[in-house]
Amino acid sequence: QVQLVESGGGLVQAGGSLRLSCAASGRTFRTTYTMGWFRQAPEKEREFVATINWRGGYTYYADSVRGRFTISRDNAKNTVYLQMNSLKPEDTAIYYCAADPRNGLILTDDWGYWGQGTQVTVSS
(Lines give C-alpha, C1' and ligand atoms only; values in the text may rest on other atoms or scores of the structure.)
Protein backbone atom coordinates (compact mmCIF):
# COMPACT_ATOMS: atom_id res chain seq x y z
CA GLN A 1 0.00 0.00 0.00
CA VAL A 2 1.09 3.54 -0.78
CA GLN A 3 -0.51 6.68 0.61
CA LEU A 4 0.00 10.10 -0.91
CA VAL A 5 -1.18 13.20 0.92
CA GLU A 6 -1.09 16.58 -0.79
CA SER A 7 -1.02 19.93 0.97
CA GLY A 8 -0.36 23.57 0.20
CA GLY A 9 -3.28 24.41 -2.03
CA GLY A 10 -5.35 27.55 -1.60
CA LEU A 11 -6.54 30.79 -3.11
CA VAL A 12 -4.00 33.14 -4.66
CA GLN A 13 -4.13 36.15 -6.96
CA ALA A 14 -2.85 35.97 -10.50
CA GLY A 15 0.92 36.42 -10.55
CA GLY A 16 1.30 34.90 -7.12
CA SER A 17 2.99 31.70 -5.96
CA LEU A 18 2.13 28.53 -4.11
CA ARG A 19 4.13 25.47 -3.12
CA LEU A 20 2.40 22.13 -3.07
CA SER A 21 3.75 19.22 -1.07
CA CYS A 22 3.03 15.53 -1.33
CA ALA A 23 4.04 13.22 1.49
CA ALA A 24 4.34 9.56 0.59
CA SER A 25 4.10 6.68 3.01
CA GLY A 26 3.15 3.06 3.14
CA ARG A 27 4.62 -0.36 3.37
CA THR A 28 5.37 -0.70 -0.32
CA PHE A 29 6.50 2.82 -1.12
CA ARG A 30 10.06 3.11 -2.31
CA THR A 31 12.16 6.20 -2.83
CA THR A 32 12.93 4.83 -6.30
CA TYR A 33 9.38 5.55 -7.42
CA THR A 34 8.83 8.12 -10.15
CA MET A 35 6.71 10.99 -8.84
CA GLY A 36 4.46 13.38 -10.66
CA TRP A 37 1.78 16.02 -10.51
CA PHE A 38 -1.45 16.15 -12.49
CA ARG A 39 -4.36 18.57 -12.38
CA GLN A 40 -8.02 18.58 -13.25
CA ALA A 41 -9.97 21.75 -13.91
CA PRO A 42 -13.77 21.85 -13.75
CA GLU A 43 -15.39 19.98 -16.64
CA LYS A 44 -12.01 19.02 -18.06
CA GLU A 45 -10.02 15.80 -18.09
CA ARG A 46 -7.10 15.30 -15.77
CA GLU A 47 -3.87 16.44 -17.37
CA PHE A 48 -0.17 15.92 -16.80
CA VAL A 49 1.74 18.77 -15.13
CA ALA A 50 5.21 17.60 -14.15
CA THR A 51 7.27 14.54 -13.27
CA ILE A 52 10.59 13.78 -11.59
CA ASN A 53 12.70 10.64 -11.52
CA TRP A 54 13.76 9.03 -8.29
CA ARG A 55 17.17 10.69 -8.11
CA GLY A 56 15.71 14.07 -8.92
CA GLY A 57 18.05 14.54 -11.86
CA TYR A 58 15.40 14.32 -14.56
CA THR A 59 12.30 16.48 -14.71
CA TYR A 60 9.72 17.08 -17.41
CA TYR A 61 6.91 19.62 -17.63
CA ALA A 62 3.79 20.27 -19.61
CA ASP A 63 4.23 23.13 -22.05
CA SER A 64 1.61 25.15 -20.20
CA VAL A 65 3.67 25.28 -16.99
CA ARG A 66 7.27 25.02 -18.19
CA GLY A 67 9.29 27.97 -16.90
CA ARG A 68 6.76 28.76 -14.16
CA PHE A 69 6.53 25.52 -12.16
CA THR A 70 9.35 23.52 -10.59
CA ILE A 71 9.09 19.97 -9.33
CA SER A 72 11.52 18.67 -6.75
CA ARG A 73 11.77 15.89 -4.19
CA ASP A 74 13.38 15.14 -0.86
CA ASN A 75 13.82 11.39 -0.60
CA ALA A 76 14.86 11.61 3.05
CA LYS A 77 11.38 12.96 3.76
CA ASN A 78 9.54 10.93 1.09
CA THR A 79 8.12 14.21 -0.13
CA VAL A 80 7.73 15.76 -3.55
CA TYR A 81 7.09 19.44 -4.12
CA LEU A 82 5.61 21.61 -6.84
CA GLN A 83 6.66 25.24 -6.70
CA MET A 84 4.21 27.27 -8.76
CA ASN A 85 5.12 30.82 -9.71
CA SER A 86 3.48 33.41 -11.94
CA LEU A 87 0.16 31.69 -11.46
CA LYS A 88 -2.64 32.32 -13.93
CA PRO A 89 -6.41 31.88 -13.61
CA GLU A 90 -6.17 28.96 -16.03
CA ASP A 91 -4.01 27.13 -13.47
CA THR A 92 -7.10 26.79 -11.29
CA ALA A 93 -7.67 23.08 -10.72
CA ILE A 94 -7.45 20.24 -8.27
CA TYR A 95 -3.82 19.14 -8.19
CA TYR A 96 -3.05 15.48 -7.70
CA CYS A 97 0.18 13.83 -6.67
CA ALA A 98 1.02 10.51 -8.29
CA ALA A 99 3.62 7.80 -7.77
CA ASP A 100 4.65 4.84 -9.87
CA PRO A 101 7.32 2.15 -9.58
CA ARG A 102 8.16 2.41 -13.29
CA ASN A 103 11.07 4.45 -14.53
CA GLY A 104 10.80 6.75 -17.49
CA LEU A 105 8.42 9.38 -18.74
CA ILE A 106 4.78 8.62 -17.96
CA LEU A 107 2.56 11.29 -19.46
CA THR A 108 -0.71 9.38 -19.36
CA ASP A 109 -2.71 9.04 -16.16
CA ASP A 110 -2.21 5.30 -15.64
CA TRP A 111 -0.02 5.79 -12.61
CA GLY A 112 -0.06 3.26 -9.81
CA TYR A 113 -0.92 5.51 -6.89
CA TRP A 114 -2.78 8.78 -6.44
CA GLY A 115 -3.40 11.27 -3.71
CA GLN A 116 -6.79 12.79 -2.93
CA GLY A 117 -5.89 16.15 -4.44
CA THR A 118 -5.59 19.73 -3.25
CA GLN A 119 -7.52 22.67 -4.65
CA VAL A 120 -5.66 25.57 -6.23
CA THR A 121 -7.69 28.63 -7.16
CA VAL A 122 -6.14 31.60 -8.94
CA SER A 123 -8.20 34.77 -9.04
CA SER A 124 -7.82 37.37 -11.74
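The values are calculated or read from the model by the stated rules, or taken from the named source; none is laboratory data. As the structure is a computational prediction, the values presented were derived from the model and not from experiment. No Cβ is skipped: glycine too gets one built from the backbone with ideal geometry, and neighbour counts run over all protein chains shown. For accessibility, only protein heavy atoms count, side chains too; no ligands or nucleic acids. Shrake-Rupley method; radii C 1.70, N 1.55, O 1.52, S 1.80 Å.
For the chain, with all protein chains in place and a probe radius of 1.4 Å, 46% of the accessible heavy-atom surface sits on carbon or sulfur. Taking amide hydrogens as placed 1.01 Å from N in the peptide plane, the amide H of Tyr60 sits under 5 Å from those of Thr51, each at least 5 positions away in sequence or on another chain. Among the GluC sites (Glu not before Pro) in the range 35-65, those located in a DSSP loop and surrounded by at most 10 other Cβ atoms within 10 Å of their own Cβ are Glu43, Glu45. Springs join every pair of Cα atoms under 10 Å in this Gaussian network model of the chain, and among Leu11, Leu82, Leu20 the largest mean-square fluctuation is at Leu11.
Grab the other residues whose beta carbon is less than 11 angstrom from that of Val65, score K and R as +1, D and E as -1, and report the net.
Numbers: positive: Arg39, Arg66, Arg68, Lys88; negative: Glu47, Asp63, Glu90, Asp91.
Local charge sum for Val65: 0.
Derived scalar couplings between HN and Hα for the range 41-53 equal 8, x, 6, 10, 6, 5, 10, 5, 10, 7, 9, 9, 7 Hz in order, rounded to whole Hz, by the Karplus curve 6.51 cos²θ - 1.76 cosθ + 1.60 (θ = phi - 60°), x for Gly and Pro. Percent of Cα pairs in the range 31-124 per distance bin of 10 Å, from zero to the largest separation: 17, 53, 27, 4. Normalised per residue, the accessible area of the range 77-124 is 48 Å², obtained with a 1.4 Å probe and no contribution from ligands, DNA or RNA. Its Cα centre serving as origin, the chain has a Cβ charge dipole (Lys and Arg +1, Asp and Glu -1) of approximately 440 debye.
Of all the stretches in the chain, which is the longest one without any exposed loop site, taking trypsin sites (Lys or Arg not before Pro) in a DSSP loop (any state but H, G, I, E, B) with at most 13 other Cβ atoms within 10 Å? It would help to have the intermediate numbers written out before the result.
On the way: sites that count: Arg27, Arg30, Lys44, Arg55, Lys77, Arg102.
Between the exposed loop sites, the longest stretch runs 1-26.
How high is the FRET efficiency between Ser124 and Gln1 when r is their beta carbon distance and R₀ equals 35 Å, given to the nearest 0.05?
Working: r = 41 Å, r/R0 = 1.16.
Given R0 = 35 Å and the Cβ-Cβ separation, E is 0.30.
Return the whole-Å distance between the Cα centroid of the range 48-74 and the Cα centroid of the range 8-29. First find each Cα centre; the distance between them is then 13 Å.
Annotation: amide H-H contacts under 5 Å for Gly16 (H modelled 1.01 Å from N, sequence separation of 5 or more, or interchain): Leu87.
Taking a sphere under 11 Å around the Cβ of Gln119 and counting the other residues whose Cβ falls inside, with K and R at +1 and D and E at -1, yields a net charge of 0. Each residue of the range 82-99 was assigned a 3J(HN,Hα) from its phi angle through the Karplus curve 6.51 cos²θ - 1.76 cosθ + 1.60 (θ = phi - 60°); the sequence is 9, 7, 10, 10, 6, 5, 10, x, 6, 7, 4, 4, 8, 9, 10, 8, 9, 9 Hz, with glycine and proline shown as x. A simple rule links phi to the HN-Hα coupling: the Karplus curve 6.51 cos²θ - 1.76 cosθ + 1.60 with θ = phi - 60°, which for the range 101-116 gives x, 6, 8, x, 8, 10, 8, 7, 9, 8, 7, x, 9, 9, x, 7 Hz, with x for Gly and Pro.
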